[in-house]
Amino acid sequence: MIALTGFMGAGKSTLAKMLGQKLGKPVYEVDQIVYQITGLKNMQQVFDKGGEKYLRISELAALEVIAAKADGIIDCGAGLITYELSKNKLVEIAKQIIYLDIDFDLARVRVGDDTNRPLFTQAEEARKRYDMRRPIYQSIATYVIPVTSQSVEDLCLEVMDVIDEE
């Protein structure tokens, strides 16, 4: 398994789809599996039901589902690594963890007014989350790929250059 991690707006979902196509591997979107497990339709509903703690517990359940599946690409939610049990499970099941390291200001521009990102509604709070998460992403990463203004295709090529496909 190859896992993509990084802050909101880093391009994990878009890159996961392209990487899955190029490598012929299935893509496991943690958020989508959370919706299947909880019976909810979007992240705002997950937060409304039980807040961030409910999301983190649901993400761990999603990782358990993924662990039983065939080799593929894991598209992680941005905050998954903040819950110790989920972080440890990810490290256990992912052969390689790619941290897409995006600058906060670029992430803010990319996320914009996306209403399905409840933890990015206030820039100051989002910045605190970003600063708190960066060292965690770095500590579990097999590879760190800087995200700048490169195209998704170029980003995909950068990832494919560093991953080990044995």
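Taking the stated definitions as given, is residue 16 under 19 Å from residue 136 (Cβ atoms) and either touching a residue at least 40 places away in the same chain (Cβ under 8 Å) or surrounded by 14 or more Cβ atoms within 10 Å (Cβ to Cβ) (or both)?
The answer is no for residue 16.
Restricting the search to the stretch 138-162, which residues are closer than 16 Å to residue 23 by Cβ, surrounded by 16 or more Cβ atoms within 10 Å (Cβ to Cβ) and of a type outside the set (Ser, Thr, Tyr)?
145, 155, 156, 158, 159
How many residues does the stretch 66-103 contain that are in contact with a strand residue (DSSP E or B) (Cβ under 8 Å, 6 or more places away or on another chain) and either among the hydrophobic types (A, V, I, L, M, F, W, C) or assigned to a helix (DSSP H, G or I) (or both)?
Result for the stretch 66-103: 15.
Test residue 31 against the criterion of being out of contact with any Leu (no Cβ under 6 Å at 6 or more places or on another chain), loosely packed, with under 15 Cβ neighbours inside 10 Å and within 23 Å of residue 128 (Cα to Cα), and give yes or no.
No; evaluated as a whole, the condition is false for this residue.
Here are some conditions: (1) farther than 26 Å from residue 135 by Cβ; (2) touching a residue at least 24 places away in the same chain (Cβ under 8 Å). Residue 11 meets all but one. Which one does it not meet?
Of everything listed in (1) farther than 26 Å from residue 135 by Cβ; (2) touching a residue at least 24 places away in the same chain (Cβ under 8 Å), residue 11 misses just condition (1).
Restricting the search to the stretch 58-95, which residues are surrounded by fewer than 16 Cβ atoms within 10 Å (Cβ to Cβ) and under 21 Å from residue 132 (Cβ atoms)?
Residues satisfying the conditions are 84, 85, 88, 91.
Has the stretch 118-128 got at least one residue that is assigned to a helix (DSSP H, G or I), β-branched (Val, Ile, Thr) and at pLDDT below 90?
Checked against the condition, which is being assigned to a helix (DSSP H, G or I), β-branched (Val, Ile, Thr) and at pLDDT below 90, the stretch 118-128 yields no hits at all.
Among the residues of the stretch 19-28, which ones are surrounded by fewer than 23 Cβ atoms within 10 Å (Cβ to Cβ) and touching a strand residue (DSSP E or B) at 6+ places or on another chain (Cβ under 9 Å)?
20, 21, 23, 25, 26, 27
Is there any pair with a first residue in the stretch 82-101 that is of a type in the set (Val, Ile, Thr) and a second that is assigned to a helix (DSSP H, G or I) whose Cβ atoms are under 6 Å apart and which are 6 or more apart or on different chains, and what are they?
Every condition considered, the pairs that remain are 91/140; 93/67; 97/140; 98/159.
What do you reckon, is residue 104 closer than 30 Å to residue 124 by Cβ, under 15 Å from the mean Cα position of the chain (by Cα) and not small (Gly, Ala, Ser)?
No.
The values are calculated or read from the model by the stated rules, or taken from the named source; none is laboratory data. Since this is a predicted model, take the numbers as computed values, not measurements. In this analysis, Cβ positions are derived from the backbone assuming ideal geometry, glycine residues included, and neighbour counts consider all displayed protein chains.
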